[in-house]
Structures are given as structure tokens and as C-alpha cells.
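First up is the structure itself, then whatever we jot down about it.
Every number in this text was worked out from the coordinates using simple rules, so none of it is lab data. This structure is a prediction, so every number in the text was calculated from the model and none was measured. Don't worry about glycine lacking a Cβ; one is built from the backbone with ideal geometry, like all the others, and counts go over all protein chains shown.
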């Protein structure tokens, strides 16, 4: 009964995390006329502030000191930080320049790219349905490239950087929790963010103090907006099966797509809907395979338990 209650809580946490991430296009659109790089820098710095406060409140500040004495782990964290920074700035750029739909496509493609990277980098072996899903995903990318008249670079960059970020997080493993990882990644990026903001300010292009109190408060809130869904996700991941997380993750790109089309007024022609539909077919195949694999694993576990008895 307790386990079921924990899973229910975890599902709620996961739903809220992906719901917040799905609403990010509206949040970043509200930050105009700030440029993508200005928003990125504020996001890094205020996220670091939030993380430091949280680490101090939970008596985990020693983690950063220990990390500084471990060059190898610090290097891994730095690479992860660079990857997520690229992902953030491309995503923000997509929203503020009217390419939210293309950004949503990137997060639809992410599970397929993650599977592909598993084969290329980790030498993992794919099951037949996974190969089919990846193949259909490639067909979708080629089709959409023809429709766009160019490769969907925003989508591909978002999918690649987030999948690569996931691989780096896998290498970090259990050596750092979600809060510690975010703090370390933000700390590594903070000096660069300060320099970029100084240049923006020196050129008279800052919007932090020139667009009213509301705009300033929105930029200040980027730290909370970054940390809260991540911590909700961490709470969910520790309580629910990976399959549940895999299914919940589709909430975010669906909401991003709806925000782009219904709220931000981006155009989706029939050809582009067809391209997205091909991607959804690939994701459906991947989901079916994941559910089948989980069912088989449970049956084998029960059989092993029965044999042991």
C-alpha cells in the first residue's frame, strides 16, 4: 500500500515537472525583448543562487568543496554544464524568434536520439522494434528537412545536446543528486555568464533594468523556474518506474507544440503535420517496445522468485 502511495506521489511530481517544462515557451516569450544570451546568463546566475541557498539549507555546501578537489568529476560536470547551456540558449532562441514548433520537434526526437547514442557511444544492442523506431525517426527528419527546405537544425541541436547531457548524467551516476548536479553545472558556467552580461551591459543592450519592474522580476525568477521542475522530476524518478517517466516525458513537447500553434500563433502547414505524425509513429513503436520489455522483465523476475521458493 505504501509503495502504491509513493508511486502515485511520484506520478504527480513527474506530471507537474513536465507540465512546467511544457509551459516554458510562454515564460520565455514573456521575457522579450531580452535576447537568448541575456536570458541564458540570468538563468545560470539565478539558478546558482537558488541552488546555493538550497544547499546551505540542507547542509550540502561541502559537496562543492569536495567537487573542486576532484578534477575528473569536475570535468564531467563541466561538460554536462556546457551541453545543457547550449540546449538552453538554442531553446530560448527558438521561442523568442518564433520557432517554438521546431523546438517541440526536438524534444519529440530526443528519445530516438538517446537510443541511437546508446548504440554509437555505449555499444548497446537494440531490439528489433527499437531499430524500426530509429529508422522511422530518420525518415521523419529527412521528410521534414525537405519540407523546411533545410535540415531542422534547432530540432536536431536540441535533441542531440539533451541526449548527450543525459549520457553525461549517466556517467555522473549517483555521485551527485539533482540539486548538487545543477549547482555544480551552474557554478562552472557562472564566470562565463558574468562576462557575457558585462559585455551586454557595456554595449547598452541589457534589458534587466530598462523594461520595468515586472521584467526584472521575471529575469530574477529564472533560477526558481529552472530549479523547481528539475527537483520535481528528481522526486518523481526516485518513486516511479522508468516506463512511467518515459510516458510522462511526452507531455512537454505536446504542450510546447500547442503553445506554439495555439498561443504564439506559429503556422503549421499540412506537410509539417505529416512530418510530426511520422515522428509520433516512431515514438509509439518505441513506447510499445519499452512496455513489452518491462512486461518480460517482470515475468522473468516473478519466475526467478518462484524457482527460488
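Some observations on this one:
- Extension gain for residue 7-residue 170 works out to 56.4 nm (0.36 nm per residue, less the C-alpha to C-alpha distance).
- Length gained on full extension, residue 281 to residue 138: 50.3 nm, using 0.36 nm per residue less the C-alpha separation.
- Here the alpha carbons of segment 189-299 define both size measures, Rg and Dmax, at 20.7, 64 Å.
- Between residue 262 and residue 247, the simple label model (points 7 Å from Cα in the Cβ direction) yields a spacing of 2.2 nm.
- Taking the fewest neighbouring Cβ atoms within 10 Å as the starting point, the ordered list for 77, 168 is 168, 77.
- Label-point gap, in nm, between residue 294 and residue 131 - each point 7 angstrom along Cα→Cβ: 2.5
- The value for segment 194-241 of Rg(Cα) / (2.2 N^0.38 Å) is 1.70.
- Label-to-label distance for residue 64 and residue 49 is 1.4 nm, based on points extended 7 Å past Cα in the beta-carbon direction.
- Relative contact order of the chain, taken over Cα pairs closer than 8 Å and 6 or more residues apart, is 40 percent.
- Taking 0.36 nm per residue of sequence separation and removing the Cα-Cα distance, the residue 192/residue 30 pair yields an extension gain of 55.9 nm.
- Computed from the C-beta positions of residue 271 and residue 153 and an R0 of 30 Å, the FRET efficiency is 0.95 to the nearest 0.05.
- Cα pair count fraction exceeding 19 Å, expressed as % - segment 1-127: 68
- The chain - mean residue ellipticity at 222 nm from DSSP helices (-39,500 (n - 2.57) per run, n ≥ 4, rounded to 500): -27000 deg cm²/dmol
- Burial ordering of 141, 51, fewest other beta-carbon atoms within 10 Å first: 141, 51
- If you take the alpha carbon atoms of the chain and fit the smallest convex hull around them, that volume is 167 Å³ per residue.
- log10 of Debye I(q)/I(0), alpha-carbon scatterers only, for segment 170-220 at 0.26, 0.29 Å⁻¹: -0.97, -1.04
- Segment 83-199: relative contact order as a whole-number percent, Cα under 8 Å and 6+ apart: 38
- Residue exposure proxy: 200, 274, ordered by other Cβ atoms within 10 angstrom of their Cβ from fewest to most, comes out as 274, 200.
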